[in-house]
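The values are calculated or read from the model by the stated rules, or taken from the named source; none is laboratory data. Model, not experiment: these values are computed from the prediction. Glycine also receives a Cβ, built like all others from the backbone with ideal geometry; neighbour counts cover every protein chain displayed.
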Amino acid sequence: MISVNNVSKYYGDFCAVNDISFVIRRGEITGLLGPNGAGKTTTLRMLTCYLAPDGGRISVGDHMVDEEPLEVKRIIGYLPESAPLYADMMVYDYLGYVGRLRGIEGGERLREISAMCGIDEVMHKNIGELSKGYRQRVGLAHAMIHDPEILILDEPTSGLDPNQIVEIRRLIKEIGKRKTVILSTHILSEVEATCDRVIIIDHGSIIADSRTADLKSAAGGAMRLSVRTKGAGFGDLAATLGALTGVRSVEPLDDAEGLSAATVRGEGGVDIRPVVFAAVRDAGWDLYEMATEHETLEHVFRRLTRGGDDEL
Amino acid sequence: MMNYKESVVIMKKELSGYFTTPIAYIVITVFLVITGWFFFSTFFLYNQAELRGFFQLLPLVLSFVVPAVTMRLFSEEKHSGSFEILMTLPVSARDVVLGKLLAGAAFVAIMLAPTLSYAVSAALAGSLDPGPVVGGYLGALLLGLAFSAIGVFASSLSKNQIVAFIIGLSICLVMTLADKFLFFLPSPFLNAVEYIGADFHFRNISRGIIDSRDILYFLSVAAIAFIGTVRLLGDRR
């Protein structure tokens with residue numbers, strides 16, 4: 001559906017996107033994941049013909065973006081970050097305007113899309129008066145009014161409250177059953193919640209491109225625990241826990257707060273919680289806290305960019 | 001292949017945008033007050049049924065008013081980010097610029113319409129020669145089109161509406177006043193400068209002499225500014 005071949009983009013001397021290639025198949029929800037400034041927005045802007053790449057080729061459907069931009073724009077629905085819609089227009093007028101530019105006449109489609117995006121009750125309000133959640137939904141309606149094959153959303157949930165995030169994700173998943181969706185985000189859990197596939201991008205380069213399930217299992221291989229105890233110095237704690245079977249390493253934690261605190265890393269696939277607890281109990285120390293550390297985006301990045309997880 | 005449908009949709013949107021906010025009413029009121037004052041304050045002094053006072057001042061007034069009308073057309077879109085949405089809809093830069101330019105020119109036409117009452121007043125007061133009036137309004141529309149194109153060009157240069165206004169105003173003022181600054185030049189040069197200036201062509205037309213060279217002049221200015229804007233916006237780098 002979309003194929004990107006060796007595409008680069010420079011802003012002056014700054015390389016925003018560096019020789020990236022990927023293919024997106026029909027009917028997938030793909031997440032473009034990376035920290036701010038990684039090149040996600042630039043990549044999406046090149047797909048949507050807003051920016052021209054400095055090198056490489058992009059095709060969308062059967063069209064090259066540099067040869068037939070109008071055809072490409074016709075099959076794409078795009079919502080830029082934070083939905084910059086005309087604030088002084090009424091929702092109804094705005095969607096009518098976008099519809100006419102896309103060659104859709106009549107109110108039938110407008111009624112359909114407003115019901116689908118749940119914006120019936122705000123159709124006669126000015127866009128500038130809407131809450132962020134409604135504005136985002138109007139943005140989605142704007143992007144989907146022509147029932148596009150491909151929907152591209154830049155940070156669709158940023159700035160929304162948790163309830164709105166859940167709603168928008170549900171809507172995106174619903175759309176993703178029939179359409180090709182690409183969304184960008186810097187939140188790992190967002191990818192886990194919505195995407196079939198994830199492309200991780202950092203400093204303008206792709207550092208991983210895999211199915212979300214694969215990424216999860218790779219992340220969950222080795223267990224990390226943070227342990228806080230009282231009654232022993234860090235040296236004793238490290239010696240005791242380090243000797244346990246299944247424990248690979250013990251490192252001090254910074255914010256000990258008067259306790260002895262350590263990050264304990266296990267071997268892949270071993271649950272080390274029972275042995276750690278038993279060891280602390282047998283030594284007679286007080287266990288203040290033992291928590292599984294979740295793999296953060298930062299960890300995934302470091303693992304992917306440096307290889308292996310020893311360096312974590 | 002030029003598709004006017006998109007341009008018409010954009011023009012209608014921009015034009016109705018003017019009238020759903022107070023901008024249109026404020027600009028039109030200011031315009032009518034200024035031109036009305038200049039028209040009627042000299043009308044009875046000359047004791048002649050003509051609109052010369054009104055048309056003499058029109059290029060200068062439009063130099064201020066038109067850039068004020070057009071300054072938001074691209075600056076606001078770039079400032080709010082809606083420009084990205086507009087350019088990712090299936091429209092070309094040419095469609096967009098044409099739509100906005102036509103909206104600006106149509107606004108000038110709407111703004112000029114109430115001044116027809118000056119012509120009616122003059123006709124009631126004495127025998128009005130229709131030639132200069134017809135020529136004057138044709139010239140005013142052409143001038144409005146040319147200045148709108150310049151204003152749209154200025155608007156595409158900056159995110160800041162004030163900056164866009166000042167750029168547009170400067171270009172329009174230079175075109176209006178060029179031959180008045182440079183009266184000390186030797187006459188062959190002055191003639192050339194005069195020919196480039198908008199005021200010279202407007203004076204010709206508003207005398208009631210409708211010459212294709214003057215019409216061509218205004219259309220050329222509009223076309224150059226239009227092509228410049230399309231180039232500027234079509235360059236996606």
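Quick rundown of the values:
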quantity: Residue list for segment B:62-96, restricted to those being more than 11 Å from every other protein chain (Cβ to nearest Cβ) and of a type in the set (A, V, I, L, M, F, W, C); calculated: B:Leu62, B:Phe64, B:Val65, B:Val66, B:Ala68, B:Val69, B:Met71, B:Leu73, B:Phe74
quantity: Residues (loosely packed, with under 14 Cβ neighbours inside 10 Å and either acidic (Asp, Glu) or touching a helix residue (DSSP H, G or I) at 6+ places or on another chain (Cβ under 6 Å) (or both)) located in segment B:186-229; calculated: B:Asp211
quantity: Verdict on A:Met144 being in the same structural domain as A:Glu190 (by TED's automatic domain parsing), farther than 25 Å from A:Val60 by Cα and among the hydrophobic types (A, V, I, L, M, F, W, C); calculated: no
quantity: Hits in segment B:6-32 - residues which are exposed (fewer than 13 other Cβ atoms within 10 Å of the Cβ) and facing another protein chain (nearest Cβ under 10 Å); calculated: B:Thr21
quantity: Residue under evaluation A:Arg74, criteria (1) at pLDDT below 90; (2) within 14 Å of chain B (Cβ to nearest Cβ); (3) surrounded by fewer than 21 Cβ atoms within 10 Å (Cβ to Cβ), criterion not met; calculated: (1)
quantity: Qualifying positions in segment A:7-27 - at pLDDT 90 or above and within 14 Å of A:Cys195 (Cα to Cα); calculated: A:Ile24
quantity: Candidates A:Gly61, A:Gly96, A:Gly107, A:Gly55, filtered to the one that is of a type outside the set (S, T, N, Q) and within 10 Å of another protein chain (Cβ to nearest Cβ); calculated: A:Gly96
quantity: The lone exception for B:Gly136 - which of (1) in a helix (DSSP H, G or I); (2) at pLDDT below 90 it fails; calculated: (2)
quantity: In segment A:195-239, the residues that are buried (at least 20 other Cβ atoms within 10 Å of the Cβ), in a helix (DSSP H, G or I) and at pLDDT 80 or above; calculated: A:Leu237
quantity: Exclusive hit being part of a helix (DSSP H, G or I), within 14 Å of chain A (Cβ to nearest Cβ) and touching a residue at least 24 places away in the same chain (Cβ under 8 Å), set B:Leu219, B:Leu233; calculated: B:Leu233
quantity: Residue under evaluation A:Asp88, criteria (1) modelled with pLDDT under 90; (2) surrounded by fewer than 18 Cβ atoms within 10 Å (Cβ to Cβ); (3) more than 9 Å from every other protein chain (Cβ to nearest Cβ), criterion not met; calculated: (3)
quantity: Yes/no for A:Asp66 being charged (D, E, K, R) and part of a loop (DSSP other than H, G, I, E, B); calculated: yes
quantity: Which listed residue, of B:Ala146, B:Ala106, B:Ala125, B:Ala140, is over 16 Å from B:Glu14 (Cβ atoms) and surrounded by fewer than 21 Cβ atoms within 10 Å (Cβ to Cβ); calculated: B:Ala125
quantity: Residue within segment A:177-189 that is in contact (Cβ under 8 Å) with a residue 12 or more places away in the chain, of a type in the set (Lys, Arg), within 20 Å of A:Ser3 (Cα to Cα) and touching an Asp or Glu at 6+ places or on another chain (Cβ under 8 Å) present; calculated: yes
quantity: Conditions (1) touching a residue at least 40 places away in the same chain (Cβ under 8 Å); (2) buried (at least 21 other Cβ atoms within 10 Å of the Cβ); number of the one not met by B:Glu76; calculated: (2)
quantity: Condition met for B:Thr35 (away from chain A (no Cβ under 14 Å), under 25 Å from B:Gly208 (Cα atoms), free of Cβ contacts under 8 Å to residues at least 40 places away in the same chain and part of a helix (DSSP H, G or I)); calculated: no
quantity: Segment A:186-217, residues that are β-branched (Val, Ile, Thr) and either in contact with a Phe, Trp or Tyr (Cβ under 9 Å, 6 or more places away or on another chain) or under 20 Å from A:Cys117 (Cβ atoms) (or both); calculated: A:Thr194, A:Ile199, A:Ile200, A:Ile206, A:Ile207
quantity: Test: A:Leu151 is more than 9 Å from every other protein chain (Cβ to nearest Cβ), hydrophobic (A, V, I, L, M, F, W, C) and not in a helix (DSSP H, G or I); calculated: yes
quantity: Index of the failed condition, A:Arg109 passing every other in (1) without any contact (Cβ under 8 Å) to a residue 40 or more places away in the chain; (2) of a type outside the set (Val, Ile, Thr); (3) more than 26 Å from B:Met11 (Cβ to Cβ); (4) assigned to a helix (DSSP H, G or I); calculated: (3)
quantity: Subset of segment A:95-136 (residues that are surrounded by 17 or more Cβ atoms within 10 Å (Cβ to Cβ) and either hydrophobic (A, V, I, L, M, F, W, C) or touching a Phe, Trp or Tyr at 6+ places or on another chain (Cβ under 6 Å) (or both)); calculated: A:Leu95, A:Val98, A:Leu101, A:Ile104, A:Leu110, A:Ile113, A:Cys117, A:Ile119, A:Val122, A:Met123, A:Ile127, A:Leu130
